[in-house]
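Where a number appears in this text, it was derived from the coordinates with a stated rule and is not lab data. Every value quoted in this text rests on a predicted model; they were computed, and no experiment measured them. Virtual Cβ from ideal backbone geometry, glycine too; neighbours counted across all protein chains shown.
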Amino acid sequence: MPVGSTLLTDHDMLSFLMRRHVLAPIAATLVAMLAPASADAAAGPVSASQASHTQILSPVNATGDLETVPAGLRILLEDGWKTYWRSPGDAGIPPQMDWSGSTNVASVEVHWPAPHRFSTLGIETLGYKGEVVLPLEVKPERPGEPVSLRGTVALLVCSDICVPAAHQVRLDFPAGTAAADADAGNLIARFTAL
């Protein structure tokens with residue numbers, strides 16, 4: 001049975017980051033970057049489950065005249081938990097994404113950063129721990145018009161046990177000039193390069 005997802009407040013996100021032993025100034029900066037109240041925010045709300053948190057972010061805050069809108073699916077995992085790559089190896093289930101609830105989206109192409117190799121009792125799997133951003137290429141049906149990216153993300157997250165996690169993610173891109181969000185762009189680029 002999938003674990004339900006909820007939206008995190010800024011305080012919840014800060015608490016999560018602090019539990020991951022991140023320094024307070026870095027956590028405060030990240031919370032400020034992720035806060036949806038900013039007019040220039042290029043990040044959707046955080047969706048949380050038992051051991052994972054997901055969010056869509058983008059280096060741009062509008063569609064502009066872009067043929068492809070860059071974005072990323074950020075996945076944060078609690079300490080000691082992992083999730084799987086597109087080809088998980090001997091065990092595991094790859095992340096499943098459904099973007100059918102989106103508006104003005106022709107396609108979403110997912111790019112997969114290089115995974116970590118995990119070995120447990122001779123079983124080899126491939127996946128991610130800590131944090132990963134899956135870079136996304138969002139192709140609008142009608143470039144230049146608003147895009148509403150809505151997705152359901154299903155993950156299998158494992159520690160000593162494995163539990164399914166279901167996340168609802170979203171990010172709206174209005175029409176108009178696409179201003180850059182350097183923090184989100186740098187985070188996505190860090191995982192694109194892997």
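Per-structure values
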| quantity | calculated |
| --- | --- |
| Gln96-Ser148 pseudo-label distance in nm [points 7 Å out on the Cα-to-Cβ vector] | 2.5 |
| Calculated SAXS-style log₁₀ I(q)/I(0) at q = 0.08, 0.10, 0.15, 0.17 Å⁻¹ - the range 36-194, Debye, Cα scatterers | -0.23, -0.36, -0.76, -0.95 |
| Burial order of peptide ranges 168-180, 127-139 (average beta-carbon count within 10 Å, highest first) | 127-139, 168-180 |
| Peptide ranges 55-65, 108-118 listed from the most packed, as the mean C-beta count within 10 angstrom indicates | 55-65, 108-118 |
| Inter-label distance for Glu131 and Ser159, nm, one decimal - labels placed 7 Å from Cα along Cα-to-Cβ | 2.0 |
| Paramagnetic reach from Glu67 in the range 155-194 [backbone N under 18 Å; point 7 Å along Cα→Cβ] | 178 |
| Total formal charge among the other residues, if their Cβ is under 10 angstrom from that of Val69, Lys/Arg +1 and Asp/Glu -1 | -1 |
| Estimated vicinal HN-Hα couplings, Hz - the range 152-169 in sequence order (Karplus 6.51, -1.76, 1.60; Gly, Pro = x) | 10, 10, 10, 10, 9, 10, 10, 9, 6, 10, 10, 9, x, 10, 10, 10, 10, 10 |
| Around Pro143: net Lys/Arg minus Asp/Glu count, Cβ-Cβ under 15 Å | -3 |
